[in-house]
Amino acid sequence: MSVPLRRSPLRWLLLAALALAGLVAAEPVVRIGTGDWVPYVDQQRADGGALARLVSAVFAAAGYRVEYSFYPWDRNVLMLQQGALDAIMPYSCSPMRLDYGVCSEPLVRGEIVLFHRKDLPFDWQRIEDLGPYRVATTLGYSYGPQFDQAQQAGQLQVEQNSKEDTAFRLLALGRVDLHPQDRAVGYSMLRRLFPGEQGITHHPRFLNTEPLRLLFRKDDPEAEELLRRFNEELARFAQRGELKRLQEALYRGDPDRWNPESL
């Protein structure tokens, strides 16, 4: 006759012993592709940064363990399409991405702004106003539907780069005029690349603002189940105020101090 294991230290000791004996199945693993995008995701931190802590905690509550792989953004997309990854993050839910992926509920909200040198008199009202300027972007990024459509139509002078920090280096050298980037990510990167006075600022008008999410494979039953389980647990985190606390920490500039509260 089996003996029920209660929520006690003995329960965990017995489970550990069974696991060592190979009698308890290991937690299923979710393979997530991401990129170094401080302060949201940080490859130098053991926990992967604030959003990785959130996603790991949500999946742990659903009974999964997460393994992160850091790749260039465009490679993440290709590996998701090929089935080498279960999900990628953090991504905005652009129409183009819906061709191959399904988006989770929002994690936090990002704000895309235009960075420029302080010595450049710059103002803009419409996407058309950006036409005369040289703009540096990163491969695999979406900067919002208006910018993406103008870029695809050839209406902007865009130089695409594969490395995350190349655009800011080009901006500092005066080889480009503008760089669209998430505001929190941009200033974190500037502090790392150019300690002290950077000579770079951002225009107060948002280029785009929308939630950052996980992107799962489209038309895949296993991915659909992962998405369902993730969204269910994420809703519980939101109800407890965890997502609000994380968003506030990002706005304050100290997301590394945020950790999800234990149940």
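The values are calculated or read from the model by the stated rules, or taken from the named source; none is laboratory data. Bear in mind that the values here come from a model prediction, so they are computed numbers and not experimental data. Positions of Cβ are generated from backbone atoms using ideal geometry, with glycine treated the same way; all protein chains shown enter the neighbour counts.
All but one of (1) within 14 Å of the chain's Cα centre (by Cα); (2) under 25 Å from ALA172 (Cβ atoms) hold for TYR68, so report the exception by its number.
Here TYR68 meets the rest and fails (2).
Right, ARG192: crowded, with 18+ Cβ neighbours inside 10 Å and touching a residue at least 12 places away in the same chain (Cβ under 8 Å) or not?
Answer is no for this residue.
Mind checking which strands (runs of 3 or more DSSP E) fall wholly inside the range 92-140 and carry at least 2 residues that are closer than 22 Å to ARG229 by Cβ?
Values: elements: 101-103, 108-117, 134-138.
By residue number, 101-103.
Go through (1) assigned by TED's automatic domain parsing to the domain that holds ALA238; (2) modelled with pLDDT of 95 or more for LYS218 and report which single condition fails.
(2)
Looking only at residues that are touching a residue at least 12 places away in the same chain (Cβ under 8 Å), among the hydrophobic types (A, V, I, L, M, F, W, C) and not in a strand (DSSP E or B) in the range 74-91, which one is surrounded by the fewest Cβ atoms within 10 Å (Cβ to Cβ)?
ALA84
Is there a residue in the range 211-219 that is over 14 Å from the mean Cα position of the chain (by Cα) and within 18 Å of TYR141 (Cβ to Cβ)?
For the range 211-219, residues over 14 Å from the mean Cα position of the chain (by Cα) and within 18 Å of TYR141 (Cβ to Cβ): absent.
Say we look at the range 137-186 and pick out the residues that are under 22 Å from GLN81 (Cβ atoms) and among the aromatic types (Phe, Trp, Tyr); which of these is nearest to the chain's Cα centre (by Cα)?
My answer is TYR141.
Looking at (1) under 30 Å from VAL102 (Cα atoms); (2) surrounded by fewer than 16 Cβ atoms within 10 Å (Cβ to Cβ); (3) modelled with pLDDT of 95 or more; (4) outside the structural domain of VAL41 (by TED's automatic domain parsing), can you tell me which one PRO132 breaks?
Unmet condition: (1).
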